[in-house]
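Please treat every number below as a calculation from the coordinates, not as lab data. Bear in mind the structure is a predicted one, so any value in this text is a computation, not a measurement. So basically every Cβ, Gly included, is an ideal-geometry build from the backbone, and we count neighbours across all protein chains shown.
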Amino acid sequence: MKQIITFLLLFLSLGVDAQVTSNPKIKKKSTKDVFINKIEITDQWTVFSMQFVAKTSKEILEEYLKDNPKEKEQLQNMNPMMRNMILQQFMQQQNTSTISFQPSSYIKTSDGKKYKFIKAVDIPTAPNRQDVESGKKYFFKVYFDKLPKGFETIDLIEHNSDRADNFTYWNFFGISINNPDENAKPKALAAAPKDEIADQELEEFKLFGKVIDAASNKPISAKILCYDSKTQQIIDSVQTSKSGSYEFLIASSEVLYKISSNGYNSLEESFDVGAFLKKGSFQKDLFLEPFAQLKVEQEVKPTEEIKEEKIGVPVNPERSTFKLDKVYFDLGESNVLPESFEQLDNLATYLKENPSLKIQIEGHTDNQGDSKANKKLSLERAYNVREYLVSKGIAGNRIKFVGLGDTQPVATNDNEENRKLNRRVEYKIID
């Protein structure tokens, strides 16, 4: 009874008109081991549902040696007995770590205004700290003052430095959220003639996807009601199977989802069809949080069978490395272009369907220009591809990234066509 009452109070406190953003896109963040699963703007607050994934001792060691090449070289030159003793001591020191959230945190909008921290649930606030175990996941929520309408890109700042006093702080920059100004004219339709808009809205548009457990990234069975946001009339409804798959054919410019499943928090989420009418369809996965999400969970075990088909073009006989042939960048730049999102979304879906897989993103360049600059550019491109996959719900500890610059060409660099072949991003299945 106590659990039921607690859930009802939480549900009522969030309100039914919350603006929801699942797995928001983030331009930059200070650390790889914390994720934003969902952001809700309710009648009272802005609520962040977050997840911390504690690194294993092995992962911490690999990162440390990568950041400290001189110490890595010293270890390699030691006799094996001494090296093993030092490594064991290091691993033992990393077995326990702690987390907390800073009460001085704030949300910052594009006009420079700050919205203060209110409270945290299931994580202590500093100076108190919580012990965490390596390789485990921890779920928590943090509450801030309510954001006003119209701000669709925000920052979450825990500290003015990413690292200070032996602590790593959780700073997120360029978070894209669903928070439109309802009084503003829709940009996608502003220039279109009225007759053209009406014709577009009457065309059937396919919305499809899966309902997914936000904690485990596994599909679940759920009930989905799809409404016309303007008329509040039900367009369609479905009770999904265990695969979580759904599909709606709609003729409305904006729809509202209401999703429910036993053991999970209900979810309402709106979707603007107008921006995607030309595509004719759109895949939208829906993430539900379990009631018991605040418990510590073990990492997903590799029990599912790995599918044979892979994303990208195979580049070696063993089929363990694949070229992302539809991932694009501007010349000399590292930002992933929007034309790349479709293939990267397919790769994210593939990784979700095969939760035991780990991959390594590898950036490559041609040999034009400074070799060090090429390596830096290839590393930044690989990192940005990784961050996009993380923004789509893939755990960061499943994706390594390296920049190989011009060291591994697949063709000679004697003409532009060959150099184009050498400018590429690949991924390798490593586990």
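Skipping prolines and chain starts, which residues have an amide H placed within reach, meaning under 5 Å, of the one on S270, given they are 5 or more residues away or on another chain?
V20, Y257
Please figure out what share of the DSSP beta bridges in region 313-429 is antiparallel and state it in percent, rounded to the nearest 5.
70
Among K108/K206; K55/K223; K206/K242, which pairs are too far apart, with a Cα-Cα distance over 30 Å?
K108/K206; K55/K223
Sum up the charges of everything whose Cβ sits under 12 Å from the Cβ of D330, counting Lys and Arg as +1 and Asp and Glu as -1, but leave D330 out.
On the way: positive: R381, R423; negative: E333, E339.
Cβ neighbours under 12 Å give a net charge of 0.
Pulled fully out, how much extra length does the chain show between M81 and T153, if you take 0.36 nm times their separation in residues and subtract their Cα-Cα distance? Can you show the working numbers first?
Numbers: separation 72, 0.36 × 72 = 25.92 nm, distance 5.27 nm.
Gain on stretching M81 to T153: 20.7 nm.
Apply the Karplus curve 6.51 cos²θ - 1.76 cosθ + 1.60, θ = phi - 60°, to the phi angles in region 320-327 and return the couplings in whole Hz, x for Gly and Pro.
Listing the rounded values in order: 9, 10, 9, 8, 7, 6, 10, 10 Hz.
Please find the FRET efficiency linking L225 to N262, where r is the Cβ-Cβ separation and R0 is fixed at 22 Å, and quote it to the nearest 0.05.
Values: r = 16 Å, r/R0 = 0.72.
With R0 = 22 Å, the Cβ-Cβ based efficiency is 0.90.
State, in angstrom, two size descriptors of region 313-429 derived from its alpha carbons: Rg to one decimal place and Dmax to the nearest whole number.
13.7, 42
Tell me, in nm to one decimal, what length is gained between S237 and E71 on full extension, where the rule is 0.36 nm per residue of separation less the Cα-Cα distance?
Extra length available between S237 and E71 comes to 53.8 nm.
Kindly write out, for region 360-371 in residue order, the coupling ³J(HN,Hα) from the Karplus curve 6.51 cos²θ - 1.76 cosθ + 1.60 (θ = phi - 60°), rounded to whole Hz, with x marking Gly and Pro.
10, 8, 10, x, 9, 10, 7, 9, 7, x, 6, 5
So, with +1 on the Cβ of K and R and -1 on the Cβ of D and E, and no other charges, what is the size of the charge dipole of region 313-429 about its Cα centre, to the nearest 20 debye?
Rounded to the nearest 20 debye, it is 520 debye.
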